[in-house]
Amino acid sequence: MAKSGEYTVKRFLESKNLRVEKIPEIDIKTADFEVYNNNKLLCFLEEKTIDFTLPVWNNEMAFFNALAKHIYESIKQFKSINPGKKVPNVLSLTNLVPARSINDLFITLTGQIITSKGKLRSIDNMKRVEKDLALIDLYLWFDNDQYSGYICDEEQSPMGEKVARVMGLN
């Protein structure tokens, strides 16, 4: 499944006139791609696919925990290839689970959920990586093979907005 997600994001970025190069796989986990704009390295990009092989989806928290795990794994991968964060890091998520959306990513990142009764509730699934979230500058979201949106924190990462502009997202 991950290969289809990689193909989707690669095709999307190439449609934006960006050059996308696969990073050779080695023993140490790294990001999936280097993305270039006008022959200059724009960012590193890691793609994660959310599919039915992850935990049972009838448990709301299982989905948020799975997203948090993908983010945690990506942070480790970005640390290995871009330790000084000389260029931005982008995490692309390809969602294959019906009834899930970019809103679930927002909930996971902020730790805030609105219950069916309209109450705000905190979830703690990102506490262990909260200080490292700034290592990811931009999050792309795809539903199956369709781009659905992005999230970045302008205050934490002005580089994320710059990359979004170059990608033609805003």
| Qualifying positions in the range 67-106 - of a type in the set (A, V, I, L, M, F, W, C), more than 14 Å from residue 133 (Cβ to Cβ) and in contact with a helix residue (DSSP H, G or I) (Cβ under 9 Å, 6 or more places away or on another chain) | 87, 93, 96, 97
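Here's the yes/no breakdown for (1) at pLDDT 90 or above; (2) crowded, with 18+ Cβ neighbours inside 10 Å; (3) among the aromatic types (Phe, Trp, Tyr):
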position	(1), (2), (3)
86	yes, no, no
109	no, yes, no
114	no, no, no
170	no, no, no
| task | Please work out if residue 133 is closer than 19 Å to residue 67 by Cα and either of a type outside the set (Gly, Ala, Ser) or touching a helix residue (DSSP H, G or I) at 6+ places or on another chain (Cβ under 9 Å) (or both). | result | yes
| field | Subset of the range 19-44 [assigned to a loop (DSSP other than H, G, I, E, B) and more than 18 Å from the chain's Cα centre (by Cα)] | value | 24, 25, 26, 27, 28, 38, 39
| request: Would you check if residue 68 is farther than 21 Å from residue 162 by Cα, crowded, with 18+ Cβ neighbours inside 10 Å and of a type in the set (Gly, Ala, Ser)? | output: yes
| request: Answer with yes or no whether residue 101 is under 20 Å from residue 5 (Cβ atoms), crowded, with 16+ Cβ neighbours inside 10 Å, within 15 Å of the chain's Cα centre (by Cα) and not acidic (Asp, Glu). | output: no
| Taking only pairs six or more apart or across chains, which ones have beta-carbon atoms under 8 Å, a first residue in the range 138-167 that is of a type in the set (Gly, Ala, Ser) and surrounded by fewer than 17 Cβ atoms within 10 Å (Cβ to Cβ), and a second residue that is part of a strand (DSSP E or B) and at pLDDT below 95? | 148/95
| said: Can you tell me which residue is modelled with the lowest pLDDT among those in the range 5-37 that are acidic (Asp, Glu) and more than 18 Å from residue 164 (Cβ to Cβ)? | reply: 27
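The values are calculated or read from the model by the stated rules, or taken from the named source; none is laboratory data. None of these values were measured; they are calculated from a predicted model. Positions of Cβ are backbone-derived with ideal geometry, glycine not excepted, and every protein chain shown enters the neighbour counts.
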